[in-house]
1. Pull out all pairs, ordered by first then second residue, where Cβ-Cβ is under 8 Å, the residues are six or more apart or on different chains, the first lies in the stretch 28-44 and is under 13 Å from residue 14 (Cα atoms), and the second is assigned to a strand (DSSP E or B) and aromatic (Phe, Trp, Tyr).
2. What number of residues in the stretch 19-67 are among the hydroxyl-bearing types (Ser, Thr, Tyr) and farther than 14 Å from residue 98 by Cβ?
3. Restricting attention to the stretch 41-80, report how many residues are assigned to a strand (DSSP E or B) and either under 26 Å from residue 22 (Cα atoms) or among the aromatic types (Phe, Trp, Tyr) (or both).
4. Test of understanding: among 13, 23, which residue is surrounded by fewer than 15 Cβ atoms within 10 Å (Cβ to Cβ) and not basic (Lys, Arg)?
Amino acid sequence: MVKFRSVAGDSALTNWWDDGGRLIAFSRAGKAFIAINDDPAKKMDEFLQTGLSTGVYCDVTSGTLTTDGSVCTGRSVTGMLTNMLKLLNMVNNNNNNVGISPLSKTHN
């Protein structure tokens, strides 16, 4: 989360989404996107606005992108299409968050 904060900085909060409970997602003005599921009884199955360009991203909450930008040591986030991301069955467990930014976009 420190990486998310350092990339997002004080950029404006955009694309807020919540379920009225413990599932949230938001962007920081095209610099970062995060989705958090903090509800053990729910799955996050949503099509969300990210504010980021189309591509494959390294989920910085589960790993890092190699310095050459070719390999993600954690989960890769695919399915980005025109600034939208489909989150399927994101459950509350050890991997209950997704965090991406232009700095985590893969080069392959």
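1. Note: pairs meeting the criteria are 33/26; 34/26.
2. Residues that pass the stated criteria total 5.
3. Residues in the stretch 41-80 being assigned to a strand (DSSP E or B) and either under 26 Å from residue 22 (Cα atoms) or among the aromatic types (Phe, Trp, Tyr) (or both): 11 in total.
4. 13
Coordinate-derived values only; no laboratory data. Computed from a prediction, not measured in an experiment: that's the story for all the values here. Glycine gets a Cβ as well: all are built from the backbone with ideal geometry, and neighbour counts include every protein chain shown.
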